[in-house]
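Trainee: Pasting a structure below so you can have a look.
The values are calculated or read from the model by the stated rules, or taken from the named source; none is laboratory data. Owing to the predicted nature of the structure, the values given are computational and were not obtained by experimental measurement. For neighbour counting, all protein chains shown are included, and Cβ atoms are generated from backbone atoms with ideal geometry for every residue, glycine included. Just the protein is used for accessible areas: all its heavy atoms, side chains included, with ligands, DNA and RNA removed. Shrake-Rupley method; radii C 1.70, N 1.55, O 1.52, S 1.80 Å.
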Amino acid sequence: MDYEAFFTEALKRLRQERRYRVFADLERIAGRFPHAVWHSPDGARNVVIWCSNDYLGMGQHPKVIGAMVETATRMGTGAGGTRNIAELADLHRKEAALVFTSGYISNETGISTLARQMPNCLILSDAWNHNSMIEGVRQAHCEKQIFRHNDMAHLEQLLASADPSRPKLVVFESLYSMDGDVAPVNGICDLAERYGAMTYVDEVHAVGMYGLRGGGISERDGAMNRIDVIEGTLAKAFGCLGGYIAGSNVLIDTVRSYAPGFIFTTALPPAVCAAATAAIRHLKTSQWERERHQERAARTKAVLAAALPVMTSPTHIVPVFVGDPERCKQASDLLLSEHGVYIQPINYPTVPRGTERLRITPSPYHDDALIDTLAEALVDVWQRLELPLKERALAAE
């Protein structure tokens, strides 16, 4: 039996479908973000990153770097620090929080553990939920029902048809990162309260970014106290590593006591926890990053939408529609090699086939000159690949 042949064929399929991932060797330099060094086959060259998930540039903030260095010097690099970060519970106005090694694990473990503790639990999941949430639902081994994306009528139909005495868990994201659209958080809470369901929201792409203190869309919309479980990340806006859930004392203690993904995983290093704590504390009080970020995102959209098929988005996500996996990858390659602009191609299965796109994430540090240069580079690439320039902004479907 040639076992290697199975894996070779699997990789061949990915390449044929233009889904094989090739990682650029990029070296970030603190203090120079969004500029970086690309170690290309032809040597090192400077590039501008336009797709980082370090949304606010906190990965280079002096407070965050200082906290990490000081703690590593004092405590060493290995794990041993507490897994609970009290700042997270305070951020979301919850009794307790629990930290995991990544946002993926916090979703996968949090959803499955909670659902398994409720006999005959029914999980209702938004059709566009992230893969980590889908895996959490699968591993719960409970009945699941998928409601159409952000469709409150469909969600109510499913809730109304369920036994009123049956435990129910509604899982959804506050901000869907591929299209940049936002969930009707209060509408979902209204239905959950009406039909006796728990709510679990993924705020990964919104924590630090929205709300007066960076509590996310649920804080911005005045719904934090209505949601049972808030999940987030210590990466992205907070510039570090890790994931977490926040909720009531008994809920968090249940996950802490039952979740294999928590029990059998080494804790995050103290230096990472210290850096994340510094980022959270800073963004609770500083509005500059959030305000500047929104202004930069708005300008980027306006400049690009004048000539390119920018998909409609009410948030900081700026998707530019391509619609073909081959040309999406070609566009990404040309931007990097010819213009020094790095934007990853977004292909299936991250987005449905036929909706391939470039996903741009402006930061507070992308100035007007960088935005104008990006627009010129994109127009050049669109023309070279004979992609259609804008006739109208394409709405996300």
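Trainee: How about the stretch 310-397: which trypsin sites (Lys or Arg not before Pro) there are in a DSSP loop, with at most 15 other Cβ atoms within 10 Å of their Cβ?
Mentor: Of the trypsin sites (Lys or Arg not before Pro), the ones in loops of the stretch 310-397 whose Cβ has at most 15 other Cβ atoms within 10 Å are 353, 392.
Trainee: Treating the beta-carbon of each Lys and Arg as +1 and of each Asp and Glu as -1, no other charges, what is the dipole magnitude of the chain about its Cα centre, to the nearest 20 debye?
Mentor: The dipole magnitude comes to about 480 debye.
Trainee: So if a site counts as exposed when it's one of the chymotrypsin sites (Phe, Trp or Tyr not before Pro), its DSSP state isn't H, G, I, E or B, and it has at most 15 other Cβ atoms within 10 Å, what's the longest stretch of the chain without one?
Mentor: Looking at the chain, 24-263 is the longest stretch - no exposed chymotrypsin sites (Phe, Trp or Tyr not before Pro) with at most 15 other Cβ atoms within 10 Å.
Trainee: Right, another one. Given 282, 385, 351, which one lies farthest toward the positive end of the charge dipole of the stretch 267-397, if we put +1 on the Cβ of every Lys and Arg and -1 on the Cβ of every Asp and Glu?
Mentor: So the residue furthest toward the plus end is 282.
Trainee: Calculate the FRET efficiency for residue 10 and residue 265 from the Cβ-Cβ distance with a Förster distance of 35 Å, rounded to the nearest 0.05.
Mentor: Computed FRET efficiency for residue 10 and residue 265: 0.80.
Trainee: Could you work out the relative contact order of the stretch 282-333, using alpha carbon pairs under 8 angstrom and six or more residues apart, expressed as a whole percent?
Mentor: After rounding, I find 25 percent.
Trainee: Taking amide H atoms as placed 1.01 Å from N in the peptide plane, list the residues 5 or more away in sequence, or in a different chain, whose amide H sits under 5 Å from that of residue 53.
Mentor: none
Trainee: Let me ask something else. Would you work out if the stretch 200-285 is rounded, prolate or oblate? Take a ≥ b ≥ c from the square roots of the eigenvalues of the alpha-carbon gyration tensor; rounded if a/c is under 1.5, else prolate when a/b is larger than b/c, oblate otherwise.
Mentor: Because a/c hits 1.5 or more and a/b fails to exceed b/c, the stretch 200-285 counts as oblate.
Trainee: Another question about this same structure. What is the spin-label model distance, in nm, from residue 258 to residue 127 if the labels are put 7 Å beyond Cα along the C-beta direction?
Mentor: Simple spin-label model gives 3.1 nm for this pair.
Trainee: Give the residue from 41, 55, 67 lying farthest towards the positive end of the charge dipole for the stretch 1-77; charges sit on Cβ (+1 for Lys and Arg, -1 for Asp and Glu) and the dipole is referred to the Cα centre.
Mentor: Looking along the dipole axis, the top candidate is 55.
Trainee: Shifting gears a bit: Each residue of the stretch 247-256 in order: what ³J(HN,Hα) in whole Hz does its phi give by Karplus 6.51 cos²θ - 1.76 cosθ + 1.60, θ = phi - 60°, with x for Gly and Pro?
Mentor: Taking θ as phi minus 60°, the curve returns x, 6, 4, 5, 5, 5, 5, 5, 5, 4 Hz for the stretch 247-256.
Trainee: Got a sec? Charge dipole of the stretch 138-260, +1 on Cβ for Lys and Arg, -1 for Asp and Glu; which of 258, 245, 189 is way out at the positive end?
Mentor: Checked the options; the winner is 258.
Trainee: Specify whether the C-alpha gyration tensor of the stretch 249-397 places it in the rounded, prolate or oblate class, a ≥ b ≥ c being the square roots of the eigenvalues: rounded for a/c under 1.5, otherwise prolate if a/b is larger than b/c and oblate if not.
Mentor: It comes out prolate by the Cα gyration axes.
Trainee: Then there's this: Suppose every K and R has +1 on its Cβ and every D and E has -1 on its Cβ; what is the size of the dipole of the stretch 6-115 about the Cα centre, in Debye to the nearest 20?
Mentor: I would put it at about 300 debye.
Trainee: Here is a further query. Probe radius 1.4 Å, ligands and nucleic acids ignored: give me the carbon and sulfur share of the accessible area of the stretch 1-138 as a rounded percent.
Mentor: 54
Trainee: With a 1.4 Å probe and all protein chains left in place, how much accessible area per residue does the chain have, in Å²?
Mentor: 44
Trainee: Which whole-number percent is the relative contact order of the stretch 120-176 (Cα, under 8 Å, 6+ apart)?
Mentor: 54
Trainee: Run the accessible area of the stretch 203-305 with a 1.4 Å probe and give the carbon-and-sulfur part as a rounded percent.
Mentor: 57
Trainee: For the stretch 2-88, would you read off the P(r) tail past 17 Å as a percentage of all alpha carbon pairs?
Mentor: Value for the stretch 2-88: 71 percent of Cα pairs lie more than 17 Å apart.
Trainee: Quick check on the chain: helices-only [θ] at 222 nm, where DSSP H runs of length 4 and up contribute -39,500 (n - 2.57) each and the sum goes over total residues. Nearest 500, please.
Mentor: Helices in the chain give a 222 nm mean residue ellipticity of -12500 deg cm²/dmol.
Trainee: Right, something else. When only Cα pairs under 8 Å and 6 or more residues apart are kept, what is the percent relative contact order across the stretch 324-393?
Mentor: After rounding, I find 30 percent.
Trainee: Sticking with this structure for a sec: Is there a quick way to get the dipole size of the stretch 162-309? I mean about its Cα centre, with the Cβ of Lys and Arg at +1 and of Asp and Glu at -1; what is the value in debye to the nearest 20?
Mentor: My answer is approximately 400 debye.
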